[in-house]
Amino acid sequence: MPQPEPAVAVTGPLRTCIATGEEGAPERMIRFVVGPDGEVVPDLARRLPGRGMWVRAERAAVVIAVTGSPRDISQLRSAPATTASTTSLTSHS
């Protein structure tokens with residue numbers, strides 16, 4: 001039986017996920033920014049300029065951020081991982 005994940009004391013700033021509204025440590029989230037060409041790109045190093053949008057680092061939260069709805073999650077579970085368009089993330093900012 002898997003061990004439950006230990007609670008992590010957050011000592012730094014918290015970020016709010018645009019998909020779930022939950023607050024969390026930046027280390028457990030993915031930051032997205034809008035590039036100069038208008039495309040939304042992940043900022044894994046968290047160093048790109050601009051105001052970022054934060055999404056929990058969980059597939060379900062990313063799906064909600066991209067589609068705006070949790071209903072598509074079950075369809076994506078069986079789909080191969082591909083580079084999805086994330087332009088709808090800009091509508092959440």
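Numbers below:
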quantity	calculated
Wholly enclosed strands (runs of 3 or more DSSP E) of the stretch 9-62 bearing at least 1 residues surrounded by 14 or more Cβ atoms within 10 Å (Cβ to Cβ), among the acidic types (Asp, Glu) and touching a residue at least 60 places away in the same chain (Cβ under 8 Å)	none
Odd one out for residue 75 among (1) at pLDDT below 90; (2) outside any helix (DSSP H, G or I)	(2)
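The values are calculated or read from the model by the stated rules, or taken from the named source; none is laboratory data. Everything numeric in this text was worked out from a predicted model, so none of it was measured. Note that each Cβ is placed from the backbone with ideal geometry, even for glycine, and that neighbours are counted across all protein chains shown.
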